[in-house]
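Before any comments, here is the structure.
The values are calculated or read from the model by the stated rules, or taken from the named source; none is laboratory data. Here the structure is a predicted model, which is why all the values come from computation and not from measurement. Reconstructed Cβ throughout: ideal geometry from the backbone, glycine too, with neighbour counts over all protein chains shown.
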Amino acid sequence: MARIELNEIAHSYHRKPKRPAEYALKRIHNVWKDGGAYALLGPSGCGKTTLLNIISGLLTPTRGRVLYNGKDVTALPPEKRNIAQVFQFPVLYDTMSVFNNLAFPLRNRGLSEVKIKERVLEVAEILDLTPFLNKRAAGLAADGKQKISLGRGLVRSDVAAILFDEPLTVIDPQMKWELRRKLKVIHEQLKLTFIYVTHDQTEALTFADQVAVMFEGEIVQIGSPQDLFENPEHRFVGYFIGSPGMNFLDCTVEGNTARIDGASIVLDEETAAKGRKAQGKLELGIRPMYLEVHAEFVDGMARAKVKGVEDLGSYKIVTLTLAGKTLKATLPDDKPIPEDEAWLFFPPQWTRLFADGWMIK
Amino acid sequence: MEKWPNNKAWLLVLPVFVIVAFSAIIPLLTVINYSVQDILAPGQSVFVGTEWFKEMLHDYRLHDALWRQFLFSGLVLVIEMPLGILIALAMPKRGWGVAASLVTIALPLLIPWNVIGTIWIIFTRPDIGLFGYYIHKITGIVFDHTARPLDAWITVMLMEVWHWTPLVALLSYAGLRAIPEAYYQAAKIDGASDWSTFWYIQLPKMRGVLTIAVLLRFMDSFLIYAEPFVLTGGGPGNSTTFLSIYLVKIALLQFDLGPGGAFSLIYFVIVLLLSFVFYQALLRVGKGEKG
């Protein structure tokens, strides 16, 4: 078990990187606490897997240091770091039985057969693999195979952390849900550090206590799922988390209101004060679920046009235009939706301002 | 859509029937025809039934050739398979070295078989051949594949290994390259040694291509003719007379069409039987992969 520290990490797959665009990871500087359940969330190609491979030691970063419990392990290969990694596709030693698969990492480290047996039986019990121990690993279904991959990490009682690289990609939807729950149970039981890479926000938000959102080689925000939802620090987080993503409108701030091409929206005083001081391109952001749509005008509302409604059964997504910009709002199923003309209310406590993509705090 | 019988469709299959008939069935029937007759002179023949078959099956020279053939094919597999795998493991995995080594290794496969025999005749000559000359110089032995059976076997084996190990190497290399990177990464993380990585990942993952390599090399070496014929002509004595060489001796040199026909059919049946066994083995491997 370990606290993992990433110190000014940058990585490029080019031998002599010059331009910033040649870096897969631009600057990663953060700490993964011992025993935490972390998710690393981001679109394909944002550098998640690269970062994971740097943590496990499969890659050596171009710059920066990796520390386990304060000890510099940057130059150490994976087998010396005592880390486990579960890959996107199940990796098995398919000529071996399930038992031997689980025992393999321990045998390579020269443990006694008695100890190995004890440990393997223990882990098999946790993963519900006991009935299959004598079967050939190749004969198991995809979820069983992924459990074995995970088991090879768990058998090492002193493992520093377990890294998951989109481990549920090949699992059926029903089993996916069960396996995710299983992971959570295992995490609570063993208190190991889990770092879980995914591009699926549901997976990340249900699995992790802390979610790190990655975008173009940088971690733009680390926070609890609630934090990411309510206070996205970067417009990318707002857009990437939530379905549909956050609404963004170009604006200017005058007094206590944000002006959007003639429409004015009242902000809370603190936000407005910071907005007035902020440099760069200003944007107003609001989550579709907080945006209120009314049929009657009340003071402080902005006029919009209803463009379309999608009924998703339990709620509706309304597409509107405000001063030529498209907005989305989610409304409960039973709420009537005005036709054509509608009045929008932006609750000040949920209305955020962004300068050059970053939220003004 | 409902299906209805349309016998005109058979017309479309007819060309295939004609081609197969001319390429396989008619020649085979001709051989069967010869194998049951004693041809005394052109246009003068006697039906002898299974006599030639009995004679050939009791022919000790055929027995010798058959055992020689098995020994040869066995040695071929024992040497070429591990050697091919070793070469594949040693080949570069990326960069310009890949293309360079692939081309270099594939070269022997591109040389006409008769030429290969000739190359090795010259190569092993003690006076002007590189191999023969240095063997003589270093060990004092006059290497002569035309006089000593052991020398003849060494030459034939060396030639065969040089000629065909590249095929095994290329197949193994293809098999190795097809293993996803994650397997190697997992092995590293599990702390596996190079040997266990080979034994538990690379070898099992190569199972498919290696089976194909074994099949190809066994059948090809079992049917070998051109290279040893050019090199030794089956000699000295009968020491390198393999089945094909013996068959050609009977059928074409002595022009014994009856025994030759019977021999051909026996040879054919043996090959067919071995093919069947190997085919079954291949199927089983395929199933194992899926399971």
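Things to note:
- Tally, over the range A:260-289, of residues that are in a loop (DSSP other than H, G, I, E, B), touching a Ser or Thr at 6+ places or on another chain (Cβ under 7 Å) and within 30 Å of A:Asp200 (Cβ to Cβ): 2
- Counting the residues of the range B:107-144 that are within 18 Å of B:Asp220 (Cβ to Cβ) and touching a Gly at 6+ places or on another chain (Cβ under 8 Å) gives 0.
- In the range A:73-95, the residues that are β-branched (Val, Ile, Thr), touching a helix residue (DSSP H, G or I) at 6+ places or on another chain (Cβ under 8 Å) and over 24 Å from B:Ile179 (Cα atoms): A:Val73
- Flag if B:Ser239 is closer than 30 Å to B:Gly129 by Cβ and assigned to a loop (DSSP other than H, G, I, E, B): yes
- Residue within the range A:85-106 that is closer than 28 Å to A:Trp32 by Cα, more than 7 Å from chain B (Cβ to nearest Cβ) and either part of a strand (DSSP E or B) or without any contact (Cβ under 8 Å) to a residue 40 or more places away in the chain (or both) present: yes
- Filter result for B:Ala187 (closer than 17 Å to A:Val91 by Cβ and either among the aromatic types (Phe, Trp, Tyr) or surrounded by 18 or more Cβ atoms within 10 Å (Cβ to Cβ) (or both)): yes
- Criterion violated by A:Lys191 - all others in (1) in contact with a Leu (Cβ under 9 Å, 6 or more places away or on another chain); (2) within 25 Å of A:Ser56 (Cα to Cα) satisfied: (1)
- So B:Val161, is it buried (at least 16 other Cβ atoms within 10 Å of the Cβ), closer than 13 Å to B:Ser239 by Cβ and in contact (Cβ under 8 Å) with a residue 40 or more places away in the chain: no
- Here A:Ala124 does not fit the description of being of a type outside the set (S, T, N, Q), touching a residue at least 12 places away in the same chain (Cβ under 8 Å) and within 14 Å of chain B (Cβ to nearest Cβ).
- Residue within the range B:194-209 that is assigned to a helix (DSSP H, G or I), away from chain A (no Cβ under 14 Å), touching a helix residue (DSSP H, G or I) at 6+ places or on another chain (Cβ under 6 Å) and not charged (D, E, K, R) present: yes
For every residue, the table says whether it meets (1) within 14 Å of another protein chain (Cβ to nearest Cβ); (2) within 30 Å of A:Val213 (Cα to Cα).
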| site | (1), (2) |
| --- | --- |
| A:Ala137 | yes, no |
| A:Gly144 | yes, yes |
| A:Asp172 | no, yes |
| A:Lys176 | no, yes |
| A:Leu183 | no, yes |
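- Scanning the range B:71-91 for residues that are within 19 Å of B:Phe222 (Cβ to Cβ) and not in a helix (DSSP H, G or I) yields no hits at all.
- Complete set of residues in the range B:212-227 that are surrounded by fewer than 17 Cβ atoms within 10 Å (Cβ to Cβ) and not hydrophobic (A, V, I, L, M, F, W, C): B:Asp220, B:Tyr225
- On inspection, B:Phe218 does not qualify as within 14 Å of chain A (Cβ to nearest Cβ), assigned to a helix (DSSP H, G or I) and touching a residue at least 24 places away in the same chain (Cβ under 8 Å).
- Yes/no for B:Ser172 being among the hydroxyl-bearing types (Ser, Thr, Tyr) and more than 29 Å from A:Pro90 (Cβ to Cβ): no
Residue-by-condition table, conditions (1) part of a strand (DSSP E or B); (2) aliphatic (A, V, I, L, M); (3) at positive phi; (4) at pLDDT below 90:
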{"site": "A:Ala204", "(1), (2), (3), (4)": "no, yes, no, yes"}
{"site": "A:Val211", "(1), (2), (3), (4)": "yes, yes, no, no"}
{"site": "A:Val220", "(1), (2), (3), (4)": "yes, yes, no, yes"}
{"site": "A:Leu228", "(1), (2), (3), (4)": "no, yes, no, yes"}
{"site": "A:Tyr239", "(1), (2), (3), (4)": "no, no, no, yes"}
{"site": "A:Gly245", "(1), (2), (3), (4)": "no, no, no, yes"}
{"site": "A:Leu249", "(1), (2), (3), (4)": "yes, yes, no, yes"}
{"site": "A:Ala258", "(1), (2), (3), (4)": "yes, yes, no, yes"}
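Condition check ((1) over 30 Å from the mean Cα position of the chain (by Cα); (2) modelled with pLDDT of 90 or more; (3) within 14 Å of chain A (Cβ to nearest Cβ); (4) under 24 Å from B:Phe72 (Cα atoms)) across all residues:
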position	(1), (2), (3), (4)
B:Leu130	no, no, no, no
B:His136	yes, no, no, no
B:Ala147	no, no, no, yes
B:Thr155	no, no, no, yes
B:Pro166	no, yes, no, yes
B:Asp190	yes, no, yes, no
